[in-house]
Each structure stands twice: as structure tokens, then as C-alpha cells.
1. Take B:Arg119 and decide whether it is surrounded by 22 or more Cβ atoms within 10 Å (Cβ to Cβ), outside the structural domain of B:His12 (by TED's automatic domain parsing) and over 28 Å from A:Thr5 (Cα atoms).
2. If I filter segment B:61-70 for residues that are surrounded by 16 or more Cβ atoms within 10 Å (Cβ to Cβ) and closer than 30 Å to B:Gly185 by Cβ, do I get at least one hit?
3. Could you list, in sequence order, the residues of segment A:1-50 that are in contact (Cβ under 8 Å) with a residue 60 or more places away in the chain and more than 14 Å from chain B (Cβ to nearest Cβ)?
4. For segment B:113-153, give me each residue that is assigned to a helix (DSSP H, G or I) and either in contact (Cβ under 8 Å) with a residue 40 or more places away in the chain or at positive phi (or both).
5. Out of B:Thr160, B:Thr191, report the one residue that is at pLDDT 95 or above and among the hydroxyl-bearing types (Ser, Thr, Tyr).
6. So which residues in segment B:140-155 are of a type in the set (A, V, I, L, M), crowded, with 19+ Cβ neighbours inside 10 Å and touching a helix residue (DSSP H, G or I) at 6+ places or on another chain (Cβ under 9 Å), if there are any at all?
7. Which of the following residues is modelled with pLDDT of 95 or more, assigned by TED's automatic domain parsing to the domain that holds B:Leu177 and acidic (Asp, Glu): B:Asp109, B:Asp35?
8. Take the residues in segment A:63-78 that are in contact (Cβ under 8 Å) with a residue 40 or more places away in the chain and at the interface with chain B (Cβ under 10 Å from one of its Cβ atoms), then tell me which one is surrounded by the fewest Cβ atoms within 10 Å (Cβ to Cβ).
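The values are calculated or read from the model by the stated rules, or taken from the named source; none is laboratory data. In this text, all values refer to a predicted model and were calculated from it rather than measured experimentally. Here the Cβ positions follow ideal geometry from the backbone for every residue, glycine too, while neighbour counts run over all protein chains shown.
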Amino acid sequence: MVAWTLQRVTGLLLLFYLFLHIHTISKLSQGPAAFNEAMATFHSPLFKLLEIALLGTVVLHALNGIRITLVDLGVGVQKQRQLFWIVTVGVGVLVFLAGAIPMFIFAVLKV
Amino acid sequence: MELNITLRVARHPAPQGQAFSEFRVTLEDRMTVLDALFQAHRKRDGSLGFRCSCRVGMCGTCAVYVNRIPRLACSTLVKNLKSEIVTVEPLPHYPIIKDVAVSLAPFFDQWRRVRPAFRPKKGDMPGLALIRKDSKFRQLAPTKRDCITCGACYAACSFTGMNAQYLGPAAINKAFLRVLDPRDGDGEERTKILDDSLNGVWRCHTQFNCTAVCPRGIDLTDSIVRIKRALLRPGRLFKA
């Protein structure tokens with residue numbers, strides 16, 4: 001239930017991010033000034049924190065998606081619960097921290 | 001020293017507008033939720049409505065929602081719930097008859113739809129059917145046929161709640177037993193029902209709630225996954 005709910009919540013968040021991303025990139029068609037202005041909003045520490053949150057969302061959704069794909073292929077169905085907690089959450093947290101810590105230090109604290 | 005728990009039982013229709021009746025129940029040794037219900041029924045309120053039959057986890061009659069998880073009341077030890085308050089509600093996704101007793105009609109409607117009865121391919125055979133020891137049927141069937149039709153899996157699945165026409169885990173698992181059986185002759189009809197894009201196996205999103213609550217320990221999601229894969233490779237699991 002936790003895994004299923006998490007996949008849907010992260011999926012919706014990523015959908016929202018996708019629209020935001022496409023909207024920002026589309027500014028390229030309006031020339032370099034417009035694009036640079038749009039990108040400037042993403043330099044603030046708040047947005048850097050949101051980027052860290054995005055990393056977490058992507059990692060969870062991707063690793064859980066791999067688990068679901070494996071289950072659909074009939075691999076690891078009996079061990080799916082362990083797959084979720086050890087791989088999706090365990091490995092996910094490690095990958096997240098590997099990215100989030102440097103991002104936090106260099107982009108948010110601006111050391 | 002007497003230990004007590006609070007037993008909250010959903011009422012339907014609600015007497016005096018109270019959706020739940022509360023009882024202080026004295027904890028007895030190895031007390032099950034069913035024991036607690038009986039204590040409340042005998043000592044406090046004889047109008048409490050709940051179902052039971054065998055009391056030993058064999059018949060599936062006493063399936064109820066205990067602290068929001070479908071369980072057999074007779075097989076759930078109160079102390080294992082590790083909770084001061086035990087809330088018993090009717091299984092979700094079923095029409096309520098009285099208090100925590102529900103009608104299993106939605107469950108059996110889907111059960112019937114998969115043609116659960118065995119129909120042999122050939123009529124009367126002169127000899128015994130040979131089932132090889134290394135066949136999928138011989139290996140998998142013992143792990144799938146213990147279903148006591150308690151209805152817990154159907155209650156646990158989010159998708160039966162959203163779509164009353166979805167087959168549900170138990171019906172699909174029953175169908176899987178027939179699909180595996182090389183002697184069965186109903187493969188073609190059954191395949192069409194299982195393969196239905198709106199209400200067949202494709203409505204399963206591998207939530208695994210069914211497997212988590214099955215009191216017989218049947219891996220229901222596994223049955224559904226196997227059928228999905230077999231449907232994508234016609235002729236692999238059975239011959240029409």
C-alpha cells in the first residue's frame with residue numbers, strides 16, 4: 001500500500017514538474033534574454049531545495065518503477081516487499097544523499 | 001490484575017445515532033477478536049451482529065475489518081494487534097447487512113464470472129489423467145488452491161473498491177487454477193474474461209494488498225502476474 005501510494009504521489013509531482021520544465025525550456029524560442037530571465041528564478045536557495053526534493057522524487061519513482069517492472073516480468077514476486085524496502089527505499093536514500101549533500105553544500109549554503 | 005481493551009464495533013443501522021458501540025473487554029488468555037466480540041455480545045449487547053462458524057480459520061465466515069485491515073476474527077489474537085483500542089468494522093467494498101456482517105454477493109458474482117467449475121476437455125476418459133511431477137500444475141496448484149473464499153482480498157484491493165466490475169484477486173486466482181489444469185476444457189471462454197481490458201487481470205496494479213491479507217498465505221498477486229504474462233504469450237500456459 002505504501003509503495004503503491006508513493007508511486008502515484010511521486011508520479012503526480014513529476015507530472016507537475018514536467019509541465020514546469022517544458023514551460024521553462026519553451027522560453028528558448030523567445031530568445032536568450034527571455035530564457036536567461038526564466039532560468040534566473042531557479043538560482044535562489046529555495047529553488048535549489050526544490051531541486052533536491054526533485055532528485056528524491058525521481059529516485060524513488062524510478063527505483064520503485066524498476067521493482068514494479070520486475071514484478072510484471074515475474075521476477076522477485078515473492079520478495080517484492082524486501083525489494084521495496086531494501087532497493088527502492090534503502091538504495092534510493094543512499095543515491096539521494098550522494099546527490100543531495102553536495103547540492104546542499106554548494107548550491108544552497110554556497111560554500 | 002485484570003487487563004482490559006476497548007472494543008469498538010461499527011453499528012449499522014446505528015442505534016441512537018451512534019455509529020460505533022464501545023465495550024470494555026476483559027482480556028483473557030489467547031483471546032481472539034472473535035472471543036472479544038462474543039464477550040461483548042453475551043455480557044453487554046445481545047443485538048451485536050457478526051458472523052462466525054468454525055472458529056478455527058478454516059471456513060472464512062468471520063472475515064472483518066480489524067483496525068482497518070481485513071482479517072479473520074477467529075484467527076486474530078487481540079494481543080498481537082498491540083493496541084489498547086480494537087476497532088471492528090464491516091469489510092469494505094461489500095454491502096452491509098447488519099453491523100459488521102456483509103453480503104459477499106459482489107465477491108461471488110466475480111467468482112462465477114471466471115467459470116470456476118472444472119469442465120474436462122474430453123468427456124469420460126477410460127483411464128486416469130496423467131499429471132507429471134515436474135509440470136507447472138503439479139508444482140503451483142498446491143500453493144493456490146487453499147482459498148476459503150473469505151473475501152478479505154477483495155476487501156483489501158483498492159481497485160475492487162473503485163470498480164465493482166473488476167474480477168478481483170480471488171476470482172482470478174481460481175481462474176488460474178483452471179488455466180494451469182491441462183485437463184480443463186474451458187480455456188477459450190475463460191481467456192476472454194481474464195483478458196478483458198476494462199475488468200480483467202489488467203485492472204490489477206500489483207498493489208499486493210490481497211497477498212498481504214490472505215489468511216491462507218496464497219500469493220494472489222503472483223497468480224495474476226502469471227496470467228498477465230501468459231496472455232501476452234498465447235499458447236504458453238494453456239492450449240485453447
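1. Against the criterion (surrounded by 22 or more Cβ atoms within 10 Å (Cβ to Cβ), outside the structural domain of B:His12 (by TED's automatic domain parsing) and over 28 Å from A:Thr5 (Cα atoms)), B:Arg119 does not qualify.
2. Taking every residue of segment B:61-70 in turn, none turns out to be surrounded by 16 or more Cβ atoms within 10 Å (Cβ to Cβ) and closer than 30 Å to B:Gly185 by Cβ.
3. Of everything in segment A:1-50, those that are in contact (Cβ under 8 Å) with a residue 60 or more places away in the chain and more than 14 Å from chain B (Cβ to nearest Cβ) turn out to be A:Pro45, A:Lys48.
4. Those that are assigned to a helix (DSSP H, G or I) and either in contact (Cβ under 8 Å) with a residue 40 or more places away in the chain or at positive phi (or both): B:Arg113, B:Lys136, B:Phe137, B:Leu140, B:Ala141, B:Thr143, B:Lys144, B:Ala152, B:Cys153.
5. Result: B:Thr160 is the single residue among B:Thr160, B:Thr191 that is at pLDDT 95 or above and among the hydroxyl-bearing types (Ser, Thr, Tyr).
6. Matches in segment B:140-155: B:Ala152, B:Ala155.
7. B:Asp109
8. Going through the qualifying residues, I end up with A:Ile68.
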